[in-house]
Amino acid sequence: MTEVLRYRGRSVSDSDVQFVRELIASAPKTSRRKLSALLCEAWDMRQPNGTLRDMVCRGLMLALDRAGHIELPPVRQRPRNPFLTRARPELVTTVDETPINCSLRELGEVTLREVRRTDEEKLCCGLIETHHYLKYTQPVGEHLKYIAYAQNRPIACFTWSSAPRHLGPRDRFIGWSLAMQRQHIRLLAYNSRFLIVPWVKVPHLASHLLGRVARTLSSDWQRKYNHPICFVETFVDPERNRGTCYRAANWVELGMTTGRGKDAPTRQQNRSKKKVLGLPLVRDFRERLTQ
C-alpha cells in the first residue's frame, strides 16, 4: 500500500482512497455530512467518550477532495459557523461587589463547582468577560468551567480547554515523540482563563484555588469525556505578572514561547512571548504520556 496523504497524523493509503470512492459511489445522493458519519463508523473513528469524530473525518474527506483523490458531492448548504457568530457573554452587573479583604482562614468555606452546561455557566462566562483583561474566549475542544464561591458569593472563575498540539518547552519537558504526542495530547489540559474578581483581596487565595482545582480536574474530565488528565499547563505574560500564584501551587516554569502563535504565516515573532508553566497531576505522567 502506498501513502497518498497524511491528515492530522493519520496515514491514508491508496486502498483507503479506493474505499472512500466506493462509499461515495454507493450513496450518490447522500450529503457530505452523512458520508463523513458513514466513514467514521466504517473506520471506527471515535472520541474516547464514544462520540464519532465527525469533524475530523469531514476535514479528511475535504483534504482528499482538494488533492484530487476523490470527488465529493456538491455542497448543499453552508450552516452558520457558531465560532464566527457567537454572541459575546453579557456583562455581569448584578453580583454583590462589596469588598472582601481578609485572610484565607477568615474567608471561611470555599466551594468549587464545575459549571459547564449548567445554569451557572452564563455567570462564569460573564464574570470573565467583565473583569478579565483578556475577556472571554470560547475554550477549544474538550473543556470545563469552574466557579469558586465563598460567603455565598462568586469569588473566582476558571476555564480549561484542550492543550495546544505543539508547544516546544512543554514537549521537551515531557520528552515524548511526535507519535506519542499525537496519541496522548488529549491527556493534557490548558488553563485558558483564571480570574479572581477584583473586589476580593485575600492573600494566598489564588494558589489555594489552583491546588483545589488540580485535585478535582482529572476526575471531572473523566466523568465528562471518559479519560483522565495527566498534565496541565498555562501561559503567563511576563509584562503583566510573574505567575507567583502558579509557582506557589507547585507549577514549574518550562520555558518561553516563540511569540509566533500557531497560525503565524512566517517564522517571525508576531506577538509577545509568554512563559509556559506546567504541573503534572500524577507522579508517573511521563510513563503515561510516552508509553
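Comparing I185, P280, W251 along the charge dipole axis of region 163-282, the residue lying farthest to the positive side is I185, per the Cβ-charge model. Remark: region 113-257 carries a charge dipole of roughly 140 debye about the Cα centre, counting +1 on each Lys and Arg Cβ and -1 on each Asp and Glu Cβ. Measuring nothing but alpha carbons in region 106-245 and taking Rh as the Kirkwood radius, the Rg to Rh ratio lands at 0.97.
Per residue of the chain, the DSSP helices (runs of n ≥ 4 H) give a summed -39500 (n - 2.57) that works out to -10000 deg cm²/dmol at 222 nm.
Please work out the Kirkwood hydrodynamic radius for region 3-66, using every pair of different C-alpha atoms, and report it in angstroms with one decimal place.
Numbers: mean 1/r = 0.0834 Å⁻¹.
Hydrodynamic radius (Kirkwood, Cα pairs) of region 3-66 is 12.0 Å.
Backbone geometry of region 103-108 corresponds, through the Karplus equation with coefficients 6.51, -1.76 and 1.60 at θ = phi - 60°, to 3J(HN,Hα) couplings of 7, 4, 5, 5, 4, x Hz, x marking Gly and Pro.
Each of S207, S219, V236 was placed along the dipole of region 161-265 (beta-carbon charges, centred on the mean Cα), and the one lying farthest toward the positive end is S219.
Ellipsoid semi-axes for the chain, based on the Cα gyration tensor and the rule √(5λ), read 40, 23, 18 Å when sorted largest first. Any idea what % of Cα-Cα pairs in region 167-291 are farther than 26 Å? Above the 26 Å cut-off, region 167-291 has 26 percent of its Cα pairs. Listed peptides 222-231, 187-196, 13-22 appear in the order 187-196, 222-231, 13-22 once ranked by packing, highest mean of other Cβ atoms within 10 Å at the front.
No lab work stands behind these numbers, since they all come straight from the coordinates. The shown structure was predicted, so the numbers you read here are calculated from the model rather than taken from an experiment. Here Cβ is always computed from backbone atoms with ideal geometry, including for glycine, and neighbour counts include all displayed protein chains.
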